[in-house]
Amino acid sequence: MIASLVTISFAFLAAGALLAFVPSRTDATHRVTYGAFAFAGVAALFAAAWSLAAPQTLGALPMTPAFFFGIIGAGTLLASIYAVGYLPLYRDTYALPWLAAAFAVFIIGMEAVVLAPSVLLFLVSWEVMSVAAYFLVIADSSESSLHAGLVYLIMTQIGFAAIASGLLLLADGAPFATWPMVAQTASHLSPPELAIAFVLLLIGFGSKAGLVPFHQWLPHAHPQAPSHASALLSGVMLKVALFGFLVSLSFFPSIPLPLAALVIALGLLSAFFGALHAAVEDDLKRLLAWSSIENMGLIFSALGVVLAVAAMPSSPLSAAVAAGAAVFVVLHTLNHFLFKSGLFFAAGTIAAKTHTRDLDALGGLAARWPFFSGVVLALSLSAAALPPLGTFFGEWVYLQSLALGFAAPMPLAVVALVMLGTIGLVGGLSIFAFSKLFSTAFLGRARSARAENPGTLSPSLIIPPLVGAVALMGSSLLAFPLLSSIGAASARSIFSDTTIAPGAAMNAWLVSGLLVAALGIVFLGRRALVSARGVRVTGTWDCGAPLSPRMEQTATGFAAPIRFFFRAIVLARKEFIVEPVVASNPWIAERQLLWSVASFWERFFYQPISALVLRAARTMRSLQSGVVQLYLLFMLVALILVLVIAL
Amino acid sequence: MNLSSLTMLLAESAAVMLAAPLVVGTVHLVKARFQNRRGASIVQPYWALASLLRKEMTVPEHSSWVFRFVPYVVLATTIVLAVVVPSAGIGAWPAAASNIFLVAALATLGSVFLALGGMDTGSTFGNMGANREMTLVALAEPALLIVLATLAFFAGSANLDGIVAFFAAAPWRASMLMALPTLLALLLVVLAENARYPVDNPATHLELTMVHEAMVLEYSGPYLAALEYASALRLTAFGSLFMNIVFPFGIATVGTGVEMLAVGVLSLVLKLGFFALLIGSLESLLVKMRFYRMQEYFTLAFLIAFAGAVLAFAHTF
């Protein structure tokens with residue numbers, strides 16, 4: 001039964017891709033196509049839920065693939081519903097049938113990656129997914145999309161090479177080896193070989209997951225895709241990369257501490273750079289892409305904690321820390337999928353209706369779309385990991401585990417301390433980034449004419465983010481009861497405190513209940529204390545001169561303090577150019593403010609490498625003088641060298 | 001008759017919520033005396049709130065539902081913060097309610113909504129206050145988390161009730177000596193979280209230097225009353241947390257005699273009085289720092305908190 005659900009999922013994706021090419025004068029083809037995709041998503045979701053709920057069923061997927069398969073299914077469902085209302089707005093920009101085909105192949109690739117039983121199938125599916133994603137990125141065939149697509153394609157091929165060599169190294173060169181056989185051969189490898197394979201796999205999967213320093217492509221590529229695809233790229237494909245890394249970890253007989261520390265370090269670096277760039281970013285979708293880097297960094301750092309604990313002698317304390325970090329990985333994978341795809345849907349809607357992704361040109365949308373803005377507010381609070389939404393409770397487990405780590409022996413306690421401080425800063429920056437996102441896009445006055453009259457929203461544009469927000473509320477209330485049921489934490493009933501270690505307890509029902517009760521008291525208090533006198537709408541305090549939207553702070557202005565405080569890291573540059581128009585009067589002048597932020601890694605990692613390569617190429621060029629005799633000499637020398645080495 | 005959880009909860013919530021304007025009144029009085037003024041009576045804030053409640057409300061034309069929603073959320077989160085933080089007594093709440101990270105997140109949630117209110121005015125003053133507030137939140141977060149986690153490490157318990165119970169049981173001088181840097185960092189964070197000197201000037205009349213006051217600039221009448229009260233309540237909540245750790249005396253516990261509750265409330269009033277004196281004196285003796293030097297302040301707070309944590313680790317091994 002589960003197997004047939006999986007087959008149905010694949011079949012509907014393939015059928016939908018073919019259906020998309022049936023010509024029709026109305027939206028009928030488009031709707032049927034995405035209806036088929038949505039159905040494929042439902043089938044995948046059911047297959048996953050069934051496997052998780054009844055693992056003994058015939059054909060049930062193992063736990064980890066089932067979890068990720070479910071995320072792919074849910075993502076496909078939401079993105080397809082969204083596409084029904086979203087893509088017709090872009091009829092002239094995209095070739096809809098081809099886009100639908102790329103979308104279907106992309107999802108088929110992701111589903112196949114999760115289900116793949118052997119090295120070769122995994123690699124082929126991975127490549128199908130990656131290449132289909134390339135066509136999603138370049139879908140609008142604009143100059144910037146093509147550039148982003150090229151960068152993406154180069155990075156993904158480097159990553160693929162690393163993954164392929166890493167897996168084949170573990171499998172001892174046997175491409176058809178199934179996963180148990182890979183684990184078998186890997187157990188005979190020497191520690192240096194294992195270490196090389198580990199680093200290769202970390203680079204490969206890490207480059208797909210957007211880990212620093214292989215993240216450069218992500219903030220360019222993800223925002224360029226149409227928004228229903230961006231949601232899947234950021235919300236789901238990054239999770240598939242995580243899945244690949246988890247699968248390959250299971251082949252290693254043991255992972256030495258330095259490699260675990262490397263995972264933690266890369267994770268924290270990614271989280272920091274992601275959050276910092278999200279805080280100073282002005283492009284709505286690119287901000288979300290940076291935040292994906294941050295969140296994947298947090299997940300990888302927690303994964304590193306689990307690996308590090310496994311590499312050390314075990315104690316009750318380390319077991320509690322590792323359990324907490326593992327719980328965070330699971331919860332945050334789910335929560336990040338929910339809020340990030342929801343926010344990408346919302347960003348797509350805003351961009352489609354206002355024709356801009358620039359936060360500096362938005363504003364005032366909350367007055368036009370009250371309900372939609374409430375949904376986005378909930379998603380933004382969730383992205384900022386604030387209570388009472390699900391993300392907070394996931395991050396709570398992680399923070400609490402690190403705080404438990406303070407009781408570890410000396411060097412480890414300081415590691416836990418540094419991690420807690422870093423994650424505190426990352427959390428603070430992401431709160432900054434998402435309060436900036438919501439307040440500059442939705443609050444105050446519209447900063448451009450398009451944002452003034454954005455039009456109305458169809459249900460298909462509102463439902464997917466709404467589902468995300470509701471699910472995040474559910475994931476806060478149900479996460480801990482579910483954890484208790486699988487033994488990851490302990491609680492007496494679903495409403496009582498969940499304890500992850502002595503002295504560390506949390507209760508989502510209590511938190512939500514307290515907040516709701518306090519809100520109720522304040523509402524009632526207002527009705528009791530304040531006479532029902534009306535509210536007068538007046539002008540904003542303007543110091544006597546009429547206010548215009550241009551006087552409002554933009555997103556750029558909002559982030560100015562962060563750009564200033566972290567100027568050495570975001571490489572902020574600000575220049576005020578004054579050119580006098582009349583020579584006699586210095587006050588009549590044209591003034592221009594130039595400012596920029598740049599990528600630290602591009603300047604100090606990629607540019608030196610490319611400069612080195614170019615210099616090497618230039619040095620080589622001097623050999624290429626075009627003199628035939630010289631080439632003959634080279635060949636002779638090469639022949640002699642080969643003979644010397646061979647004999 | 002022994003103290004039940006419910007009695008304790010109601011009594012200490014009532015004590016904190018009633019005392020909040022008094023704390024602000026005392027701070028004002030202390031500052032007035034430092035300035036050689038006679039100053040208003042310490043009950044003046046109650047009258048100010050009462051008159052705000054009777055006034056008509058005005059709402060700026062370019063605002064949305066968020067602007068009207070903000071006072072409710074800010075006040076509600078602050079009330080939750082104030083009732084779960086140990087004040088007159090401990091033990092009334094389940095352990096999860098006063099978890100350190102929850103308390104930090106609730107404080108942040110209030111700040112975020114306050115900033116949203118400032119952004120929903122369409123005026124640069126509100127905007128400026130909002131982005132400054134969010135910057136302060138972002139920079140204060142590492143020090144705040146480290147301080148709270150270090151206190152939890154001392155106490156072996158991640159909830160504030162457990163932390164206060166630990167300091168109440170430990171010998172005072174030894175535990176203070178051990179926790180000195182951590183408590184100093186806590187004070188720095190508390191000053192920042194409550195928009196006090198040297199981070200923000202709560203009494204300024206110049207919009208350009210405001211943080212908290214700039215965000216509430218457009219609020220009037222009952223909404224302003226709610227936000228002013230929330231800010232007083234937040235100061236009181238952080239004050240009772242700080243004082244209960246520094247002077248962990250006379251704290252009632254659930255299960256002891258009812259008379260302990262009276263002792264608890266009385267000592268809370270004394271502690272808050274001392275806290276108001278401390279804040280008032282600090283605000284009279286310190287100068288406000290430039291906003292663009294705030295990273296120095298928070299780096300200092302972070303380093304002190306870090307040193308406090310390392311000292312704590314070294315002490316135990």
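Annotations for the structure displayed:
- The Kirkwood hydrodynamic radius of segment A:286-332, based on inverse pair distances between different Cα atoms, is 11.3 Å.
- Segment B:6-133: C-alpha gyration tensor shape, a/c 1.5 cut-off, then a/b vs b/c: oblate
- Residue-averaged [θ]222 nm for the protein assembly as shown, counting only DSSP H segments that reach four residues, each worth -39500 (n - 2.57): -23500 deg cm²/dmol
- Contact order normalised by residue count of chain B, Cα under 8 Å, 6+ apart, percent: 31
- Charge sum, other residues only, whose C-beta stays under 13 Å from B:Ala107's C-beta, Lys/Arg counted +1 and Asp/Glu -1: -2
- Dividing the radius of gyration of the alpha carbons in segment A:600-646 by their Kirkwood radius gives 1.26 for Rg/Rh.
- Under the span-like rule (Cα at least 30 Å along the axis, Kyte-Doolittle mean at least 0.0), DSSP H helices of chain B: B:5-34, B:124-155, B:221-246, B:259-285, B:294-316
- Beyond 49 Å, the tail of the calculated P(r) for the protein assembly as shown holds 25 percent of the Cα pairs.
- Exposure proxy order (Cβ contacts within 10 Å, fewest to most) of A:Phe345, A:Phe392: A:Phe392, A:Phe345
- Cα-based Kirkwood hydrodynamic radius, segment B:265-317, one decimal, Å: 14.0
- Along its first, second and third principal axes, ordered by size, segment B:140-221 spans 47, 23, 22 Å in Cα coordinates.
- Candidates B:Ala307, B:Ala158, B:Ala82: whichever shows maximal mean-square fluctuation once chain B is modelled as a Gaussian network with Cα springs under 10 Å: B:Ala307
- Neighbourhood net charge (14 Å Cβ-Cβ; Lys/Arg +1, Asp/Glu -1) for B:Ser98: -3
- Anisotropy class of segment A:56-201 from Cα gyration tensor, a/c 1.5 cut: oblate
- Applying a threshold of 18 Å to the alpha-carbon distances of A:Lys208/A:Lys239; A:Lys239/A:Lys353; A:Lys285/A:Lys340; B:Lys31/B:Lys55 flags A:Lys239/A:Lys353; B:Lys31/B:Lys55 as lying beyond it.
- Dipole of segment B:5-316, positive direction: furthest Cα of B:Ile90, B:Gly239, B:Ala32, with charges on the beta-carbon: B:Ala32
- The order of A:Glu552, A:Glu579, B:Glu213, going from fewest to most other C-beta atoms within 10 Å of their C-beta, is A:Glu579, B:Glu213, A:Glu552.
- Inter-chain neighbour count for B:159-169: the average number of beta-carbon atoms from partner chains within 10 Å of each residue's beta-carbon is 1.
- Between segment A:103-131 and segment B:285-317, the C-alpha centres lie 50 angstrom from each other.
- Sequence of A:Tyr82, B:Tyr219 once ranked by neighbouring C-beta atoms within 10 Å, starting from the fewest: B:Tyr219, A:Tyr82
- Debye intensity ratio I(q)/I(0), log10, segment B:5-316, q values 0.08, 0.14 Å⁻¹ (C-alpha model): -0.34, -1.09
- Local net charge near B:Tyr197, Cβ-Cβ under 9 Å (Lys/Arg +1, Asp/Glu -1): 0
Since every read-out is calculated from the coordinates, none of them should be taken as a lab result. Quick caveat: nothing in here was measured; it's all calculated off a predicted structure. Neighbour counts are summed over all protein chains in view; Cβ atoms, including those assigned to glycine, are modelled from backbone coordinates with ideal geometry.
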